[in-house]
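Everything below concerns the one structure shown next.
A short reminder: the numbers here are calculations on the coordinates, not readings from a lab. Bear in mind the structure is a predicted one, so any value in this text is a computation, not a measurement. Cβ placement follows ideal geometry from the backbone for every residue including glycine, while neighbour counts extend to all protein chains displayed.
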């Protein structure tokens with residue numbers, strides 16, 4: 001789970017000397033495509049020209065340093081954090097009606113806004129505003145739903161999840177396939193039952209499955225679903241903040257469990273919570289869906305770049321025989337796969353961030369297409385990290401077997417020999433991953449009782465803004 005993976009970076013894993021990876025193995029063969037990619041990256045990406053340059057896209061040799069650690073400068077890390085979050089905040093604000101009108105062209109306004117659905121006659125402007133703010137009802141096409149499910153479901157925890165499966169030969173292929181399929185499976189379930197839930201709540205203006213539970217089964221069931229949903233999503237937020245804080249700590253060369261590091265990890269968690277709270281309280285669910293589209297595209301581009309960088313680097317090449325030893329089909333892997341399907345599907349049915357997209361879709365066909373495409377993208381991303389982990393294990397199996405390297409950090413073992421420029425790209429990726437999940441969860445947490453607030457005449461928008469602050473304070477404390 002994200003929680004287990006996010007909290008297991010130990011002091012020893014950060015400080016332990018890494019085993020030297022030999023570059024003299026006979027498997028350093030490169031095809032024409034690999035050579036073309038290397039030449040292209042060499043030409044396009046800047047390299048360090050002097051010691052004053054803070055970023056290096058070159059590939060320093062591990063032979064020269066046996067005690068190699070990540071060394072992204074604090075200033076560079078904070079610059080990445082605030083720049084990425086700042087861009088997402090601007091995009092979110094421009095998606096709201098208050099700011100969208102200032103965009104220079106109709107095309108820009110369409111890219112950064114959602115379609116407003118028709119509301120029933122006689123509804124007050126306040127009710128219409130609250131409905132759009134909390135549900136973005138009937139506003140999003142299939143592409144927007146797909147990107148939103150993909151981005152909101154793939155948090156910073158993915159750099160630990162399937163990597164642990166992939167770098168554990170006893171689980172390997174079936175474990176990776178199981179984790180990847182299980183992460184995509186909730187979207188398939190929603191494709192099947194989502195249309196029925198949406199139809200049954202059409203006249204009740206539902207915001208979440210807690211509203212569906214009340215309409216079909218009464219208040220007691222609504223309360224039960226609400227309690228489980230809040231519990232699960234709150235822990236999910238804590239796990240996301242823990243993951244992003246630990247990744248920043250790791251890539252800046254810190255021991256993330258040292259008492260001297262707590263202030264740093266707190267600053268990361270507070271920063272991402274502050275930015276996401278700000279734009280969620282200003283623009284609501286529409287902002288989350290709009291930013292998800294851009295976050296998903298950024299994630300896809302960066303994953304492709306990291307794939308190229310990791311794959312063509314000579315030190316990371318493995319032979320077929322070496323990869324065969326690292327990738328197995330085992331009964332333990334099958335057991336893990338079945339367990340993950342049951343666990344993730346059961347938990348994600350209480351993730352209201354997924355269910356909000358059911359009502360946000362402009363139609364049932366758009367909803368189904370969006371969730372199917374989103375599930376496919378989730379599967380691909382999870383498989384990427386799983387296969388990367390198999391390569392990491394194949395590269396140095398003895399270190400993993402002896403405990404000198406840890407399976408859940410396999411991605412970082414391949415990332416380490418690359419230059420600081422690639423480490424910065426990784427920070428951009430995990431920041432986008434975390435922000436997309438956290439803002440969706442924040443929206444989802446506040447929508448659970450929104451229908452009741454509307455019914456009794458309270459303004460759910462302002463209460464939502466208060467709840468966001470109240471919920472995130474303990475999440476920040478627990479995550480650090």
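Could you compute the FRET efficiency for residue 217 and residue 319, with r as their C-beta to C-beta distance and R0 at 60 Å, rounded to 0.05? Before the final figure, lay out the partial values.
Numbers: r = 58 Å, r/R0 = 0.97.
Computed FRET efficiency for residue 217 and residue 319 comes out at 0.55.
Projecting label points 7 angstrom from Cα along Cα→Cβ for residue 189 and residue 338 puts them 1.8 nm apart. Neighbour counting of Cβ atoms within 10 Å sorts the residues 320, 128, fewest neighbours leading, into 320, 128. Note on residue 90 and residue 262: the model spin-label points, each 7 Å out from Cα along the C-beta direction, lie 3.7 nm apart. On full extension, the segment bounded by residue 478 and residue 404 gains 23.8 nm, given 0.36 nm per residue less the C-alpha separation. Full extension of the chain between residue 128 and residue 235 yields a length gain of 35.4 nm, computed as 0.36 nm times the residue separation minus the alpha carbon distance.
How would you classify the stretch 333-458 from its alpha-carbon gyration tensor, with a ≥ b ≥ c the square roots of the eigenvalues: rounded for a/c under 1.5, else prolate if a/b is greater than b/c, otherwise oblate?
Working: a/c = 2.45, a/b = 2.00, b/c = 1.23.
Judged from the Cα gyration tensor, the stretch 333-458 comes out prolate (a/c at least 1.5, a/b above b/c).
Quick one: if the Förster radius is 22 Å, what FRET efficiency do residue 462 and residue 278 give, using the C-beta to C-beta distance and rounding to 0.05?
Working: r = 15 Å, r/R0 = 0.68.
Taking R0 as 22 Å, the efficiency between residue 462 and residue 278 is 0.90.
Peptide packing: for 362-370, 304-312, the average count of neighbouring Cβ atoms within 10 Å per residue gives the ranking 362-370, 304-312, highest mean first. If you sort the three axes of the alpha carbon gyration tensor as a ≥ b ≥ c, you get a/c of 1.5 or more for the stretch 294-363 and a/b no higher than b/c, which makes it oblate.
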